[in-house]
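Below you'll find the structure, written out as structure tokens, and then a few comments.
No lab work stands behind these numbers, since they all come straight from the coordinates. Values in this document were obtained by computation on a predicted structure and should not be read as measured data. Positions of Cβ are backbone-derived with ideal geometry, glycine not excepted, and every protein chain shown enters the neighbour counts.
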């Protein structure tokens, strides 16, 4: 089993249009006005419900953790988890393996 340390990971549930063959997906991040912006990302290893994000996302990006399937670019988003600004539950630098 391959392992990588200090990688950016997210719950798989935040990804949309995931293409496992090409290792691509989309997700929504929030801009400074709490408006949704769709971003393409590249994915890497996954384990259970967590996936590595290899390109397209900064560690400081605020990712929409729930309800992204109902959003369009520019939609206002109400923030309900302010415990960890910049990160939804589950986004962190960690170890990924598959």
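Structural remarks
- A Förster distance of 22 Å, applied to the separation of the beta-carbon atoms of residue 4 and residue 59, puts the FRET efficiency at 0.90.
- Approximate spin-label separation residue 79-residue 38, in nm, with each point projected 7 Å along Cα-to-Cβ: 2.4
- Computed on the Cα atoms alone, the convex hull of region 1-76 gives a volume of 86 cubic angstrom per residue.
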